[in-house]
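Visitor: First the structure, then my questions, so here it is.
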Amino acid sequence: MNKLEDFSTTFDAVTPWAGIVGDGYHVDFLGTLTHVSLGLGSQSANSAIGERFVQTALPILDNVNSARAPGIRNIRGEGWFEAVNWLVAAKEARNAFVMVTLGAWHGSQAVCCHRALQRLNPMPAKLVAVEPMPAGVELTRRHFRDNGIDPDDHWIVPMAVSDRNDPVFFATGLPAAGSQNCYSTNAPATRESYLKRLIEVGQTEHALRDLLLRNSTGITTTLPSAGGGKVDTEIKYVSAITLRDLLGPFDKVDYLESDIQQSEILAFPPFMDLLKRKVRRIHIGTHGKDVHWALRDLFVRDAWDIVFSYEPNCLHETILGTFKANDGVLTVRNPDLH
C-alpha cells in the first residue's frame, strides 16, 4: 500500500501535449480540452485561454512545496492519483475497455481515461457516466463532443447513485455546487426535518403541490461551491440507480471511479460481492475519515489489493512530495481479475 515509488515512472510513457488551443479552452497533458464554461479547468489544465500555442506539463504529486513553471499549470495533489489510474487502467486493458464514473459532473474522469486509452493502448471503449443533475448531463455530453467522443455511443445515466432504487431527495442546482449527495439530504432524520419545517411555516399545501407537480419539496438550501463560494440549491426527488444496475450488463469493468460526496458509504457496501466478480480497479474520492476507513476495511476483508489509501482533509508527506488532500484517496485493485 502507498508504494509511490512503484508509480514514479508512470508518466514516462506520455509526452506532454503541446499545440494550439482553441479560444475558450484549457488543455491538460493528455490533450484533453475543457471549455472554461465548465468551471473546472483551473484545477487540472494549462492556464492558457485563447488561440495560442500551449506547452503542458506532466502531473506531480506535490501541491504544497513545488514551484510552478511560469505560464504552466498542471495536475497536482489528489489529481495525481486520478491521472495514475487513467494510465494504469488503460495499459492493463485487453480487447475492449469499460469505464464507469459515478458523480460524473461534466464527465472529466471518463474523457481523460478515454484519452489515456487512445494514446497508450487504443481499442474500443464503453464509457458510463452517472450524473443526476440535468445541467451536468448536458455538460457531460458537450465535454464528450469537445474531445471527439460521440455521447450517443456511450451511457450517460441521469440518476443519483444509492443502495436502492427508491427516488431520493437530492440538492439540485448548478453543477458548480459540487457537494450534493443522497446521503445527507435523503437520510430519514433529514426527511423528518423537511416535514417539520414545512408544517412550522404553514407550507404543507404548497409542498404538496410541488411534490405532485414538480417532484420537489420546494425547500431551498445553500451549499458550498467547488470554487469556494456558495450556491443555492433545491431539494427535489431524483431517480436512483445502484451498482448492481450499472454493472449488470457487463462481464468486466476495467475501471470504476467514484466521487459522490459521501454517498459512497451507501452505494458500495451492499454490492461488494458483485464488485469482486466484475471490477478490476476502483478509485474512490472519499468524504469523511470514518467513511474512508470503513470502505478500506471492506476492501481489505474481501482481499483487494490496497494501492493507495490517504485520509481526506489531511496533509500527507510522501517520498514524491507533500500534498494537501481535500477528498480522501482510496484506490484498490482486484487480484482475481489480473
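What follows draws every value from the coordinates through simple rules; no lab data is involved. Because the structure is predicted, anything quoted here is derived from the model rather than measured. Neighbour counts run over all protein chains shown; Cβ positions are idealised from the backbone, glycine included.
Visitor: Show me 305-314, 22-31 ranked by packing, highest mean number of other Cβ atoms within 10 Å first.
Guide: 22-31, 305-314
Visitor: Taking a cut-off of 28 Å between Cα atoms, list the lysines near LYS276, but don't count ones fewer than 8 places away on the same chain.
Guide: LYS3, LYS91, LYS126, LYS252, LYS289
Visitor: Using the Karplus curve 6.51 cos²θ - 1.76 cosθ + 1.60 with θ = phi - 60°, what ³J(HN,Hα) values do you get for each residue of segment 81-86, in whole Hz, with x for Gly and Pro?
Guide: The phi angles translate into 5, 4, 5, 4, 5, 4 Hz.
Visitor: Now a separate question. Take the alpha carbon gyration tensor of segment 230-318, find the square roots of its eigenvalues, order them as a ≥ b ≥ c, and report rounded if a/c is under 1.5; if not, report prolate when a/b exceeds b/c, else oblate.
Guide: It is oblate, given that a/c is not under 1.5 and a/b is not larger than b/c.
Visitor: I've got another one for you. Determine ³J(HN,Hα), in whole Hz, for all residues of segment 320-333 in sequence, where each value follows from phi through the Karplus function 6.51 cos²θ - 1.76 cosθ + 1.60 and θ = phi - 60°; x replaces Gly and Pro.
Guide: My calculation for segment 320-333 gives 9, x, 9, 9, 9, 9, 8, 6, x, 10, 9, 10, 10, 10 Hz in order.
Visitor: Let me ask something else about it. What area, in nm² and to one decimal, does the C-alpha convex hull of segment 52-115 cast on average over all directions? Don't skip to the answer; put the middle values down first.
Guide: On the way: hull surface 23.8 nm².
Taking a quarter of the hull surface, the average projection is 5.9 nm².
Visitor: Next up: Do me a favour and compute the ellipsoid semi-axes for segment 94-242 from its Cα gyration tensor, root of five times each eigenvalue, largest one first, whole Å.
Guide: Values: eigenvalues 246, 44, 30 Å².
They are 35, 15, 12 Å, listed from largest to smallest.
Visitor: Given the alpha-carbon gyration tensor of the chain, what are the semi-axes of its equivalent ellipsoid in whole angstrom, ordered largest first, with each equal to the square root of 5 times an eigenvalue?
Guide: Over the Cα atoms of the chain, the ellipsoid semi-axes are 33, 24, 20 Å.
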